[in-house]
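What follows is a set of notes on a single structure, which appears directly below.
Just so it is clear, none of the values below were taken in a lab; they were calculated from the coordinates. Values in this document were obtained by computation on a predicted structure and should not be read as measured data. Using ideal geometry, Cβ is built from the backbone for each residue, glycine included, and neighbour counts are taken over all protein chains shown.
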Amino acid sequence: MNVLVVGGAGYIGSHCVRQLLAAGHNPVVLDNLVFGHRAALSPAIRLYEANLGDEAAVGKILKDEKIEVVMHFAAFAYVGESVSDPLKYYFNNVVATLHLLRAMLAAGVKKFIFSSTCATYGIPREMPIVESSPQAPINPYGQSKLDVENALKSLAHAHGLSFATFRYFNAAGAAEDGTIGEAHDPETHLIPLAIDAATGRRPALQIFGTDYPTPDGTCLRDYVHVDDLSRAHIAVFPKLETPGAALFYNLGTGRPTSVLEVIQAVEKVSGRKVPYTTAPRRAGDPPALYADSSKAVRELGWTVRFPGINEIVATAWAWHAARPAGYR
Ligand code: UFG
């Protein structure tokens, strides 16, 4: 398939580009490189440096490249920033996506894959989370993703757009060969910060909250390997052949892992201590989030190749060891 990967130079997008190539597809990338990295892409990949909200530019790429399916990974994804600057999130994550969708419909491209998030569930009442669990986001980031999910439903109904929305849990890890991986600036995610604390590149890790109602008092999350996430995006292709298909899938391993368990995994994999201090809870952190992904397993034949936190952290460690400064 000819695939336009929007945000394909970013963390999850760049891994998906690799998986598309490995599966024999033809990806081209649109990325404005605000958060993406040219170096995350093989030189053979065509990169269009443009904004996804630029309908004229997107329309031309869709036609020139004979695009059949669009994958959309580009979004601002800092929960805290979304609370302090919501307009940035609504404009970039919602308005720009609507422009992208309008350009697609104008060009007759009607297959779409969207990166959504477990943050659309807010603070769930029941665990593990299933796709039909109530969606009540507690921050503008999660709300912006839910707004797009709702727009997609309307477009499927009105225009026969077929789409799949993947609600990621905690994307983690890196390509097994250590050549691409997670490189956010600023970095806020637990695993890269714990690795940097272990290597001394950053000061001691702060554990945000040790008084949660969880077995060890720290938050539980569902860390899922970025290549496992990526492969689901390709497994869904046959389902998009049905016009108007409206598909929603959780993607996680279903295994809750605490902050302390992540620290232990980093220590085990690296053979170093992770210095840490305890700090108050971070605003907006639900105590526990983990997925029931059986729908993706059942309907897409999705398999998790990295089920354990140690294996996931090992790939992140290999990437950070190879490129301690990320893509810089
Ligand atoms: N944490 C720390 N110290 C840190 C960083 C994180 O204790 O320095 C803790 C957090 O409090 C949380 C866990 O580690 O309990 C994971 O935090 P991350 O920031 O790595 O990930 P989040 O669970 O906050 O965020 C992820 C995605 C978001 C998504 C969110 C949904 O990265 O895109 O899940 O809640 F919105």
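Debye-formula intensities of the chain, expressed as log10 I(q)/I(0) at q = 0.08, 0.09 Å⁻¹, are -0.34, -0.44 (one equal scatterer per alpha-carbon, no solvent). Partners of Lys268 within straight-line reach, counting aspartates and glutamates whose Cα lies under 16 Å from its Cα and excluding those fewer than 8 residues away in the same chain: Asp196, Glu311.
The mean sequence distance of close C-alpha pairs (under 8 Å, at least 6 residues apart), as a share of the length of region 118-221, puts its relative contact order at 14 percent. Each of the peptides 71-79, 201-209 was scored by the mean count of other Cβ atoms within 10 Å over its residues; in descending order, highest first, they stand as 71-79, 201-209.
When the Cα gyration tensor is reduced to axis lengths a ≥ b ≥ c, the ratio a/c is 1.5 or higher for region 87-152, and with a/b not above b/c it is classed as oblate.
The Cα atoms of region 159-228 give a gyration tensor whose axes a ≥ b ≥ c have a/c of 1.5 or more with a/b no greater than b/c, which makes the shape oblate.
Which aspartates and glutamates does Lys63 reach when only Cα atoms under 13 Å apart count, and residues fewer than 8 places away in its own chain are ignored? Cα-Cα hits under 13 Å: Glu55.
What FRET efficiency do you get for Ala57 and His159 if R0 is 30 Å and r is their Cβ-Cβ distance, rounded to the nearest 0.05? Provide the component values of the computation, followed by the final result.
Numbers: r = 21 Å, r/R0 = 0.72.
Once rounded, the FRET efficiency stands at 0.90.
For the peptides 122-128, 46-52, the ranking by mean Cβ contacts within 10 Å, running from highest to lowest, is 46-52, 122-128.
Between Ser132 and Asp216, the modelled labels are 3.5 nm apart [label points 7 Å from Cα along Cα→Cβ].
Projected over all directions and averaged, the alpha-carbon convex hull of region 273-325 occupies 6.6 nm².
May I ask for the angle, rounded to the nearest 10°, between helix 140-159 and the longest principal axis of the chain, with both axes built from Cα atoms and the value confined to 0 to 90°? Taking the Cα atoms of the chain, the angle to 140-159 is about 30 degrees.
Taking packing as the residue-averaged number of other Cβ atoms within 10 angstrom, the listed peptides 282-295, 238-251 run from highest to lowest as 282-295, 238-251. Our estimate of slack between Asp85 and Lys273, defined as 0.36 nm per intervening residue step minus the Cα-Cα distance, is 64.0 nm.
When the chain is treated as a GNM with alpha-carbon contacts under 10 Å, the residue of Asp222, Asp196, Asp211 showing the greatest mean-square fluctuation is Asp211.
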